[in-house]
Amino acid sequence: MTFHNPYYLFLLLLIVPVVYWYWKQLHKTDADLTMSSSIVFTKQPKSWRVWLIHVPFALRLAAIVLLSIALARPQLSNRWQSQSTEGIDIMMALDISGTMLAEDLRPNRLEAAKAVASDFIVSRPNDNIGLVVFAGESFTQCPLTTDHAVLANLFTSVHFGMIEDGTAIGLGLANAVNRMKDSQTKSKVIILLTDGSNNRGDIDPATAAEIAKTFDIRVYAIGVGSLDDARCPVQTPYGTQYVTISNEFDETTLRNIAATTGGEYFRATDNNSLKRIYEQIDQLEKTKIRVREYSKRTENFETFLLAALMCVLLDILIKCFVLKSINN
């Protein structure tokens, strides 16, 4: 319920001074009578008319409240909303090679990429999203799905060592394309995240990019790694040892992949820049939503006005017929 003239509701504030005035008048009209003992009166039952003394005043208060609401013109709204959404197919291709454990991002590149990607998934409820992981080989961790809770759980289980080490960028990209090629969605996107250069796999990254272009799939390529050298843990027979790795990876290939498919290339040097990149992609690939809204309002003040008139009539009837003998 809404009100066309809500400022009339301020008339309800009149109730406070009216109640105060009534309370003062009751004390002024009290009669005093000196008696040796009033115990005999306490045992006498009170007439039912005595209990009705305050009813007229209560009816007047109710009339003020109802009249104020009627003046505010309450309106009932019937609203219908028709909404249609057009989701986007998004396949994430995530590098899980050994260098993704480098700690220039916190706690490391892989965990930072998983955390930011998970937030991105939550922000895209209408999209089909899937996950492909790659290192020396590639496999599909999760096909395209709108069940983002399942996808988020599968994201948490991704870790280094699931597959043979290496960096097969072309194979990972081709695997992602294969998962999307039969989709009928108008907008298809791959988010490719890696920190290395292609050194494994039978498919060249440029060839995979051409295949993506054939199926009208855009690729947003993200290169991960700070501008300085980074510490990376390595498992040795003597336990975990740290080595320093260079962050000079093949940016040219990633730029060419993005350019070929009509996407963009980004460089993430820390956690904040990686988060901003996903926010940019989120803005670039907005889901289309069309909304049509219908609203019908019906006046409802007559109900409150009629109730106020009934209160006034009851007040008059009680005073004239029921409480007449008391007033006299």
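The values are calculated or read from the model by the stated rules, or taken from the named source; none is laboratory data. All of these numbers come straight from a predicted model, not from anything done at the bench. When we count neighbours, we look across all protein chains shown, and the Cβ atoms used for this are built from the backbone with ideal geometry, even at glycine. Each accessible area value is taken on the protein alone, full model and side chains, heavy atoms only, with ligands, DNA and RNA left out. Shrake-Rupley method; radii C 1.70, N 1.55, O 1.52, S 1.80 Å.
Side notes on the structure shown:
- Mean Cα-pair separation over length for the stretch 202-269, i.e. relative contact order, pairs under 8 Å, 6 or more apart, %: 46
- Amide H contacts of residue 187: 89, each under 5 Å away and 5 or more positions distant or on a separate chain (H built 1.01 Å from N in the peptide plane; Pro and chain starts excluded).
- Couplings 3J(HN,Hα) of the stretch 93-108, computed from phi: 10, 10, 6, 10, 6, x, 6, 6, 8, 4, 9, 6, 9, 9, x, 7 Hz, in residue order, whole Hz [Karplus 6.51 cos²θ - 1.76 cosθ + 1.60, θ = phi - 60°; x for Gly and Pro].
- Stretching the chain fully between residue 279 and residue 73 yields a gain of 69.6 nm (0.36 nm per residue, less the alpha carbon separation).
- Per the Kirkwood formula applied to alpha carbons, the stretch 121-165 shows a radius of gyration over Rh ratio, Rg over Rh, of 1.02.
- Highest average packing first - 125-135, 274-284, Cβ atoms within 10 Å: 125-135, 274-284
- Simple spin-label estimate for residue 140 and residue 153 gives 1.9 nm between the two label positions (7 Å along the Cα-to-Cβ direction from each Cα).
- The stretch 163-185 and the stretch 207-272 have Cα centres lying 15 Å from one another.
- With the whole protein complex present, residue 226 retains an accessible surface near 20 Å², based on a 1.4 Å probe.
- Kirkwood-type hydrodynamic radius, the stretch 132-246: 15.8 Å, calculated from all non-identical alpha-carbon pairs.
- Annotation: amide H of residue 92 within the under-5 Å range of 130, 131, 132, 191, sequence separation 5 or more or interchain, hydrogens built in the peptide plane.
- For residue 144, the solvent-accessible surface computed with a 1.4 Å probe is close to 50 Å², ligands and nucleic acids excluded.
- Counting only protein chain heavy atoms and rolling a 1.4 Å probe, the accessible areas of 95, 104 rank, largest first, as 104, 95.
- Extension gain, residue 215 back to residue 238 (0.36 nm per residue minus Cα-Cα distance, nm): 3.4 nm
- Each residue of the stretch 116-131 is assigned a 3J(HN,Hα), and the resulting list reads 5, 5, 5, 5, 4, 4, 4, 7, 10, x, 9, 9, 7, 10, x, 9 Hz, derived from the Karplus form 6.51 cos²θ - 1.76 cosθ + 1.60 (θ = phi - 60°), x at Gly and Pro.
- In this structure residue 302 has an accessible area near 100 Å², from a 1.4 Å probe over the protein heavy atoms.
- From the largest down, the stretch 88-167 spans 33, 25, 18 angstrom on the principal axes of its Cα atoms.
- Percent RCO, i.e. relative contact order, over the stretch 135-208, from Cα pairs under 8 Å lying at least 6 residues apart: 42
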